[in-house]
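Worksheet for the structure shown next.
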Number of protein chains: 2
Amino acid sequence: MDDRFKKQIQFIIEIDKIKSIFRKTCIFDGSRKENDAEHSWHFAMLAMILSEYANEPVDVCKVIRMALIHDIPEIDNGDVMVYKKSEADFENERRAAERIFGLLPDDQRDECLSLWAEFEERKTPEARFAAAIDRIEPVMQNYLNDGCAWKENGIKADRVMDTNKHIDAGSHAIWEYAKSMIDECKNKGLI
Amino acid sequence: MDDRFKKQIQFIIEIDKIKSIFRKTCIFDGSRKENDAEHSWHFAMLAMILSEYANEPVDVCKVIRMALIHDIPEIDNGDVMVYKKSEADFENERRAAERIFGLLPDDQRDECLSLWAEFEERKTPEARFAAAIDRIEPVMQNYLNDGCAWKENGIKADRVMDTNKHIDAGSHAIWEYAKSMIDECKNKGLI
């Protein structure tokens, strides 16, 4: 096994740990919390199926690759709920990204770090759309589970609206859908 | 919500069930069985990182999309171990693919069915490489877990070699790596 292949295999083994990083939201049937690997898969599927609703033309393949890698840095620090994320959390994730993508050969390390940073910064059409998709899955999960994670963590409707409003920058249609679910949860007195 | 969007959302909700379809193999730390969503995510990541080892030039994005959707039909019938798969199992999966992808608007249904069938038939460079990647993850899992799923299911070394030898048609380098792991398990008396 040459050095390049060995590094790639080490990375592939390391990222298996994402299957043990659990999020605050439940899978759609409400039976248990979802982990980051499952979320990343669903995020990629949502991107594939809903790409026609992006506000701007996007390279869907790039959005899918963002979906696949975006939560890998959580291996080192766990999942922090979007409503509770601090500057220190972002800094911890950046360090984790450098460590974990740093296991790869240099060219692939740079490619993954650049893709991850692009996603985080939300300055390109792909990143804005990916950020919208990343948020619609937990909104759907809360909607289908009577606002479960929102109630458990004391998150009120105004906060949900405010934190997720950037969905609109990626997709007006998906933001309309998100708002309708949040409004329904509010009207039912769930949040 | 128009009819097209409604169909897409129904599909997205339906495929969440893949998170509850458990495989025979364990995650790398051996603590529990892996589910199909986690496997599909890892498969897509492996395809992204190891595409340079495909025997023929491949459209990596197509391989990733195959990875994401390839196990969706298992929602209806559960996971059948590759060593125990019968003609009836393939027929059941085909029917499940038609039902589940059939929830989508016609154009996306046709696209997903076609991609799924291409993967199953292994006649294109992308399908041959995807089939190799789909198999390397469980070989790695068994290698890292002392042949756990092979022992549990009474699968011997010759059978493992024979069932996985099609990896070579997708990637000679990945087949060499697979063989080295299978040989080591055999030499240790694990299978």
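Points to keep in mind about this one:
- Odd one out for B:Lys151, checked against (1) surrounded by fewer than 18 Cβ atoms within 10 Å (Cβ to Cβ); (2) among the charged types (D, E, K, R); (3) touching a residue at least 40 places away in the same chain (Cβ under 8 Å); (4) more than 19 Å from B:Glu34 (Cβ to Cβ): (4)
Yes or no, residue by residue, for (1) surrounded by fewer than 17 Cβ atoms within 10 Å (Cβ to Cβ); (2) in contact (Cβ under 8 Å) with a residue 12 or more places away in the chain; (3) within 28 Å of A:Gly147 (Cα to Cα); (4) in contact with a Cys (Cβ under 6 Å, 6 or more places away or on another chain):
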residue	(1), (2), (3), (4)
A:Gln8	no, yes, no, no
A:Thr25	no, yes, yes, no
A:Met45	no, no, yes, no
A:Val58	no, yes, no, no
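- Search result, residues across the range B:93-121 that are closer than 19 Å to A:Ser51 by Cβ and in contact with a Cys (Cβ under 9 Å, 6 or more places away or on another chain): B:Phe101, B:Leu104
- Subset of the range A:160-178 (residues that are crowded, with 17+ Cβ neighbours inside 10 Å and either assigned to a helix (DSSP H, G or I) or modelled with pLDDT under 95 (or both)): A:Val160, A:Asn164, A:Ile167, A:Asp168, A:Ala169, A:Gly170, A:Ala173, A:Ile174, A:Trp175, A:Tyr177, A:Ala178
- Helices (runs of 4 or more DSSP H) wholly inside the range B:1-85 containing at least 1 residues that are more than 24 Å from A:Phe28 (Cβ to Cβ), in contact with a strand residue (DSSP E or B) (Cβ under 6 Å, 6 or more places away or on another chain) and more than 10 Å from every other protein chain (Cβ to nearest Cβ): none
- Once the range B:104-119 is narrowed to residues that are away from chain A (no Cβ under 14 Å) and touching a residue at least 40 places away in the same chain (Cβ under 8 Å), the residue that is farthest from the chain's Cα centre (by Cα) is B:Glu118.
The values are calculated or read from the model by the stated rules, or taken from the named source; none is laboratory data. In this text the structure is predicted, and so the values were computed from the model without any measurement. Note that each Cβ is placed from the backbone with ideal geometry, even for glycine, and that neighbours are counted across all protein chains shown.
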